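Take this structure first; my questions come after.
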């Protein structure tokens, strides 16, 4: 009994020598495998380019945010309250109203705090350096690098998965076609032998 590896070896040899036992569907499938490997290899430099581009833009954004934001000391105006999800489960994110001085003015905003923080607690918050409005913390360099690497890996993974899915579809169609061809040939062979 022929093993799958032996069958594939025979198909590869047949593709090179135009073996009559290698069907057209086998040749198409071999070309699809070659195309799949080529696409996956060509996606590597594309993913690296996307990652490098994202790396530069994310680092630039981190530098810009670090230059545009400063920390100030704020005082909580009330106790922290935990946010809950739609299912009623308490999560570890809490917010509380806080106030801080900015020039001659006093600013107010709801800020993210540790659960259990009480009114009167002082904490450092990030604000816009020009307006003094509450802002989220600036993007860190490590987060920028992680995002850049993740974008390149994700692009390659999703593209490779899509190419593999197309190959699987082509393989299935070729298997259906091979099965029909074999059925027709078996019927023709049985029909030719029944006349004796």
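The values are calculated or read from the model by the stated rules, or taken from the named source; none is laboratory data. This structure is a prediction, so every number in the text was calculated from the model and none was measured. Neighbour counts run over all protein chains shown; Cβ positions are idealised from the backbone, glycine included.
Only one residue in 11, 50, 33, 72 is assigned by TED's automatic domain parsing to the domain that holds residue 172, out of contact with any helix residue (DSSP H, G or I) (no Cβ under 7 Å at 6 or more places or on another chain) and either at pLDDT 85 or above or in a helix (DSSP H, G or I) (or both), so which one is that?
On the way: 11 fails: out of contact with any helix residue (DSSP H, G or I) (no Cβ under 7 Å at 6 or more places or on another chain); 50 fails: out of contact with any helix residue (DSSP H, G or I) (no Cβ under 7 Å at 6 or more places or on another chain); 72 fails: assigned by TED's automatic domain parsing to the domain that holds residue 172.
Every option except 33 fails the conditions.
Considering only residues that are touching a residue at least 40 places away in the same chain (Cβ under 8 Å) and more than 10 Å from the chain's Cα centre (by Cα), look in the range 147-165 and name the one that is nearest to residue 41 (Cα to Cα).
Within the range 147-165, the first condition is being touching a residue at least 40 places away in the same chain (Cβ under 8 Å), and the residues that meet it are 147-149, 151-153, 155-156, 159-160, 163-164.
Now narrow it down to the ones that are more than 10 Å from the chain's Cα centre (by Cα): 147-149, 160, 163-164.
Values: 147: 23, 148: 20, 149: 18, 160: 10, 163: 12, 164: 13 Å.
Only one residue fits best here, namely 160.
Going by what's in this entry, would residue 147 be described as over 28 Å from residue 31 (Cβ atoms) and modelled with pLDDT under 90?
On the way: over 28 Å from residue 31 (Cβ atoms): yes; modelled with pLDDT under 90: no.
In short, no.
Please tell me if residue 136 is part of a loop (DSSP other than H, G, I, E, B), under 14 Å from residue 62 (Cβ atoms) and out of contact with any strand residue (DSSP E or B) (no Cβ under 6 Å at 6 or more places or on another chain). If you could, list the steps in order and put the result at the bottom.
Details: part of a loop (DSSP other than H, G, I, E, B): yes; under 14 Å from residue 62 (Cβ atoms): yes; out of contact with any strand residue (DSSP E or B) (no Cβ under 6 Å at 6 or more places or on another chain): yes.
Yes: the conditions hold for residue 136.
For the range 95-131, which positions are at pLDDT below 85, buried (at least 17 other Cβ atoms within 10 Å of the Cβ) and more than 36 Å from the chain's Cα centre (by Cα)?
The one that is at pLDDT below 85, buried (at least 17 other Cβ atoms within 10 Å of the Cβ) and more than 36 Å from the chain's Cα centre (by Cα): 117.
Restricting the search to the range 136-165, which residues are touching a helix residue (DSSP H, G or I) at 6+ places or on another chain (Cβ under 8 Å) and surrounded by fewer than 16 Cβ atoms within 10 Å (Cβ to Cβ)?
From the range 136-165, those touching a helix residue (DSSP H, G or I) at 6+ places or on another chain (Cβ under 8 Å) are 138-141, 143-145, 147-149, 151-153, 155-156, 159-160, 163-164; that's our starting set.
Selection gives 140, 141, 143, 149, 153, 164.
So residue 184 clears everything in (1) over 30 Å from residue 28 (Cα atoms); (2) assigned to a helix (DSSP H, G or I) except one condition, right? Which one?
Looking at each condition in turn, residue 184 falls short on (1).
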